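Read the structure below first, then the notes.
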């Protein structure tokens, strides 16, 4: 009966309830949209970071992180084919890709610039789609002297596909070595500072330049990001059993930028969440207070005919709860509908700081997000009713009955 | 001296002072001893009741009469356990409730007392049936028994057909009948009514009064009215007149003889005609 009274009371002052429900719906919708945008951004950034740059896991020779290398590739991996076979035997692994990063000077004969090169296995690296080709084509496994360069660097060196450059760097023995390479394409990654220095070269060419057969690291790409921890622990076990002195890092340990963005976004959305929360709390509290004021005599009657304080308290708390449930449901409907519209509108956002490319505005619907929005509506509305409900239950019966 | 009452019973006006018959009194349901009640108005204490003593017995049909501000409603509120006396002692159904905090008297209110208000005070979101059912829910009565009890009282007040209607679909008289059924459904010992006919036209007021009197005669439930209404005052078997917070007079002026109506509840007969009035 108490629930029946509480529920019917919501529809008693329709206009006021409607306004409260609109506020609740606005709150839940905002949470769904903000949350969905945040999730999509995190997901996009995470997957881009993993698929384009880091892989899910990276395998290094033991000591790579702890000890200072005196020479390039001092802690490089030998015999990667053997390691690769073990890793790729795991069905959860999609592929592996060996890499070397090297720095040095690049020259077009007239001027020199520093470069930051990534040596890759072209066929495997191509799957990672780490860059967008602007001109020419990507490296192929047959290129012995081909490179692709970042658009900024190409502009600075005044080169286009077909032109030649000279790369100069220190070999693993500490001597200097240079190599003429042919620009087969130019690319952008979206990060301007990187594109102004970036070179991609085939692994075999880099090894030739460095006078080595080693690689720096082996990237492991998984079919699903969620399996990262499990695969890492299984592979580590496998390496230990074979007595291989290897160490692994997962993407989360390497993705400093991703974590910074997550922290920043969580801060911003947390603040927005608090603002929305405050609006909803005040609105619901106001509604319940108004309702109590209007129904003072009714509360007096209820108590006069023997209703206990706790029941009066529960009655108003239930009203808050029902408003919360209704508002939460409406919020889910409206939030999902607006989210779908946004996703279908293909809205393009401007590039974030440090980037040269914009990205699409997308809302991700995650059950945990929807549940949070709904529960927050319910909890907020219920919490907002506590004090007014307490006030109602503590009214003096005689005063309440005499209230006009 | 005898004359016909509207209900067809012989009615007598004895004009006996109750105070002088006190030694005959036994089994009171309410006992007020030297009750004082004052309100604070800023820094001034305003007395509402001064040294009021009163005993109420099963079967009583009492009008608390007096001008506005005489203390009728205050007295009703104290007996109804919704207000506390400043001084004095209140015994309800054998239990001294003077010191018990009001919020702990909720179950006393729901089981022993019934209320009828001037403005009906029905819950607008509940149907007539649900309004009557509400007090039974407080006592935790089983559903089947509850239904029987609600229908019984809706029938008693002649509102079975309106059971599913909400208060705003009912007339003033019908609303007050629902309020009566709500007050009676727990079958309390005492029903307190504050100006129950003030918002009704005289014809409807008379119908309501007939109904209350009939219930009183059948069930011996005590009815205590705070009223200005001469109709009620005249029809009440016991009239307690208040002035400036004091009892001016307490008389049994009209009563019905046991012989006059076979349906008369024995307790009413005993109170009205037996122990308290020797013919």
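The values are calculated or read from the model by the stated rules, or taken from the named source; none is laboratory data. From a predicted model like this one, the values you see are computed outputs, not experimental measurements. Heads up, the Cβs are rebuilt from the backbone with ideal geometry, glycines too, and the neighbour counts pull from every protein chain shown.
Spot the failing condition for residue A:380; the list is (1) over 16 Å from residue A:319 (Cβ atoms); (2) part of a helix (DSSP H, G or I), and only one is missed.
(1)
Checking residue B:103 against (1) surrounded by fewer than 19 Cβ atoms within 10 Å (Cβ to Cβ); (2) at the interface with chain A (Cβ under 8 Å from one of its Cβ atoms); (3) over 20 Å from residue A:297 (Cβ atoms), which single condition isn't satisfied?
(3)
Considering every residue within segment B:199-215, establish whether at least one is within 13 Å of chain A (Cβ to nearest Cβ), over 21 Å from residue B:76 (Cβ atoms) and part of a loop (DSSP other than H, G, I, E, B).
Let us first name the residues in segment B:199-215 that are within 13 Å of chain A (Cβ to nearest Cβ), namely none.
No, segment B:199-215 has no match at all.
Select, from A:233, A:224, A:252, A:204, the only residue that is out of contact with any helix residue (DSSP H, G or I) (no Cβ under 9 Å at 6 or more places or on another chain) and either within 28 Å of residue A:111 (Cβ to Cβ) or surrounded by 15 or more Cβ atoms within 10 Å (Cβ to Cβ) (or both).
Numbers: A:233 fails: either within 28 Å of residue A:111 (Cβ to Cβ) or surrounded by 15 or more Cβ atoms within 10 Å (Cβ to Cβ) (or both); A:224 fails: either within 28 Å of residue A:111 (Cβ to Cβ) or surrounded by 15 or more Cβ atoms within 10 Å (Cβ to Cβ) (or both); A:252 fails: out of contact with any helix residue (DSSP H, G or I) (no Cβ under 9 Å at 6 or more places or on another chain).
So the residue among A:233, A:224, A:252, A:204 that is out of contact with any helix residue (DSSP H, G or I) (no Cβ under 9 Å at 6 or more places or on another chain) and either within 28 Å of residue A:111 (Cβ to Cβ) or surrounded by 15 or more Cβ atoms within 10 Å (Cβ to Cβ) (or both) is A:204.
Would you check if residue A:331 is over 22 Å from the mean Cα position of the chain (by Cα), modelled with pLDDT of 90 or more and away from chain B (no Cβ under 14 Å)? Write out each step before concluding.
Values: over 22 Å from the mean Cα position of the chain (by Cα): yes; modelled with pLDDT of 90 or more: yes; away from chain B (no Cβ under 14 Å): yes.
So residue A:331 fits the description; yes.
Pull up segment B:116-144, narrow it to residues that are over 21 Å from residue A:6 (Cα atoms) and at the interface with another protein chain (Cβ under 9 Å from one of its Cβ atoms), then point me to the one that is farthest from the chain's Cα centre (by Cα).
Here the answer is B:119.
Give the number of residues within segment A:344-394 that are within 14 Å of chain B (Cβ to nearest Cβ) and buried (at least 20 other Cβ atoms within 10 Å of the Cβ).
In the first step, residues of segment A:344-394 are kept if they are within 14 Å of chain B (Cβ to nearest Cβ); the result is A:390, A:392-394.
From what is left, the residues that are buried (at least 20 other Cβ atoms within 10 Å of the Cβ) are A:392-393.
Of the residues in that region, 2 qualify.
State whether one or more residues within segment A:93-115 are under 30 Å from the mean Cα position of the chain (by Cα) and free of Cβ contacts under 8 Å to residues at least 60 places away in the same chain.
No.
I'd like to check something: does segment B:108-115 contain any residue that is touching a helix residue (DSSP H, G or I) at 6+ places or on another chain (Cβ under 6 Å), more than 14 Å from chain A (Cβ to nearest Cβ) and surrounded by 18 or more Cβ atoms within 10 Å (Cβ to Cβ)? Can you show your working first?
Just the residues of segment B:108-115 that are touching a helix residue (DSSP H, G or I) at 6+ places or on another chain (Cβ under 6 Å), to begin with: B:110, B:114-115.
With more than 14 Å from chain A (Cβ to nearest Cβ) added as a condition, the list becomes none.
No.
Scan segment A:304-313 for residues that are within 9 Å of chain B (Cβ to nearest Cβ) and either within 54 Å of the chain's Cα centre (by Cα) or without any contact (Cβ under 8 Å) to a residue 40 or more places away in the chain (or both) and jot them down. Steps first, please.
Restricting attention to segment A:304-313, the residues satisfying the condition of being within 9 Å of chain B (Cβ to nearest Cβ) are A:304-309, A:311.
Those that are within 9 Å of chain B (Cβ to nearest Cβ) and either within 54 Å of the chain's Cα centre (by Cα) or without any contact (Cβ under 8 Å) to a residue 40 or more places away in the chain (or both): A:305, A:306, A:307, A:308, A:309, A:311.
Hey, does segment A:336-343 have a residue that's more than 14 Å from chain B (Cβ to nearest Cβ), touching a residue at least 12 places away in the same chain (Cβ under 8 Å), over 30 Å from residue A:260 (Cβ atoms) and crowded, with 17+ Cβ neighbours inside 10 Å?
There is at least one residue in segment A:336-343 that is more than 14 Å from chain B (Cβ to nearest Cβ), touching a residue at least 12 places away in the same chain (Cβ under 8 Å), over 30 Å from residue A:260 (Cβ atoms) and crowded, with 17+ Cβ neighbours inside 10 Å.
Regarding segment A:320-341, can at least one residue be identified that is under 12 Å from residue A:33 (Cα atoms) and part of a loop (DSSP other than H, G, I, E, B)?
no
Check segment B:72-88 and report whether any residue there is on the phi < 0 side of the Ramachandran plot, free of Cβ contacts under 8 Å to residues at least 12 places away in the same chain and more than 10 Å from every other protein chain (Cβ to nearest Cβ).
Filtering segment B:72-88 down to residues on the phi < 0 side of the Ramachandran plot leaves B:72-80, B:82-87.
Okay, now just the ones that are also free of Cβ contacts under 8 Å to residues at least 12 places away in the same chain, so B:77.
Imposing the further condition that a residue be more than 10 Å from every other protein chain (Cβ to nearest Cβ) reduces the set to none.
No, there is no match, as no residue in segment B:72-88 is on the phi < 0 side of the Ramachandran plot, free of Cβ contacts under 8 Å to residues at least 12 places away in the same chain and more than 10 Å from every other protein chain (Cβ to nearest Cβ).
Quick check, is residue B:94 surrounded by fewer than 19 Cβ atoms within 10 Å (Cβ to Cβ), free of Cβ contacts under 8 Å to residues at least 60 places away in the same chain, more than 10 Å from chain A (Cβ to nearest Cβ) and out of contact with any strand residue (DSSP E or B) (no Cβ under 6 Å at 6 or more places or on another chain)? Explain how you work it out, then say what you get.
On the way: surrounded by fewer than 19 Cβ atoms within 10 Å (Cβ to Cβ): yes; free of Cβ contacts under 8 Å to residues at least 60 places away in the same chain: yes; more than 10 Å from chain A (Cβ to nearest Cβ): yes; out of contact with any strand residue (DSSP E or B) (no Cβ under 6 Å at 6 or more places or on another chain): yes.
Yes.
Can you go through A:252, A:233, A:291, A:283 and tell me which one is within 14 Å of chain B (Cβ to nearest Cβ) and either modelled with pLDDT under 90 or in a helix (DSSP H, G or I) (or both)?
Numbers: A:252 fails: within 14 Å of chain B (Cβ to nearest Cβ); A:233 fails: within 14 Å of chain B (Cβ to nearest Cβ); A:283 fails: within 14 Å of chain B (Cβ to nearest Cβ).
It is A:291.
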